[in-house]
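Each value in this text was obtained by applying a stated rule to the coordinates, not by laboratory testing. Model, not experiment: these values are computed from the prediction. Counting neighbours? That spans all protein chains shown, and the Cβs are built from the backbone with ideal geometry, glycine included.
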Amino acid sequence: MNTPKANRLPTFKKLTAQTVSTGKKAIAETNSHWKRKNLNTISLDEKELLVKKISSLINVGAKVGRDLIVGFNSVMKLIESGQAEIVCIALDGNALMLKHLVEAAKTKSVVTVSVPKLSQSIRSELKLKSALCFAIKRENSEALEDEEEERSETEVAALLDDLREFLLAL
């Protein structure tokens, strides 16, 4: 087949892998760089201590949804309303959701702590299907009327303060 050069289709040069910046490898590199730059990650020993403090908090009578806010949507609403003080994020969650949480927390100047494999260890303690993140509300000064509730609430408040101080110290 002798065809003139004018009738041939043009061929394009293939770019080398070093100049191409798309694909799964590039996304993984940018995500890991972002995590190292923006997240305050705790060690596994500190994670075990955190899980023990949360389990003792739940055993005393703290309620999920009132004392401890769990779940992406609930935590985002809490951050946007300005009532969140500390947000703990699971590193094993979706990276896109993690970025949104951290950026929203930064705009509202909320402390964020990232915990490796948080969702696996905490969902059994909280008896939930999944727990990507949880937040602790800012302290409110509300008076209680019932004495029994007051005793249990003071225990819960003391444990919440202990957990808050532990997370802020990280």
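Some notes on this structure:
- Net charge over other residues, Cβ less than 14 angstrom from the Cβ of G65 (K, R count +1; D, E count -1): +4
- In terms of its alpha-carbon gyration tensor, the stretch 72-138 comes out prolate; a/c meets the 1.5 threshold, and the first ratio a/b outweighs b/c.
- Phi angles of the stretch 41-50 translate, via the Karplus equation with coefficients 6.51, -1.76, 1.60 and θ = phi - 60°, into HN-Hα couplings of 8, 9, 7, 5, 5, 5, 5, 4, 5, 4 Hz per residue; Gly and Pro are given as x.
- Cα shape, the stretch 39-89, gyration tensor, a/c 1.5 rule: oblate
- Entries of K63/K106; K106/K129; K52/K106; K52/K108; K53/K127; K77/K106 with Cα pairs more than 25 Å apart: K63/K106; K106/K129; K52/K106; K52/K108
- Net charge of Cβ neighbours under 14 Å - reference L170; Lys, Arg +1; Asp, Glu -1: -3
- Take 100-106, 41-47, 133-139 and order them by the average number of nearby Cβ atoms within 10 Å per residue, most first; the result is 133-139, 100-106, 41-47.
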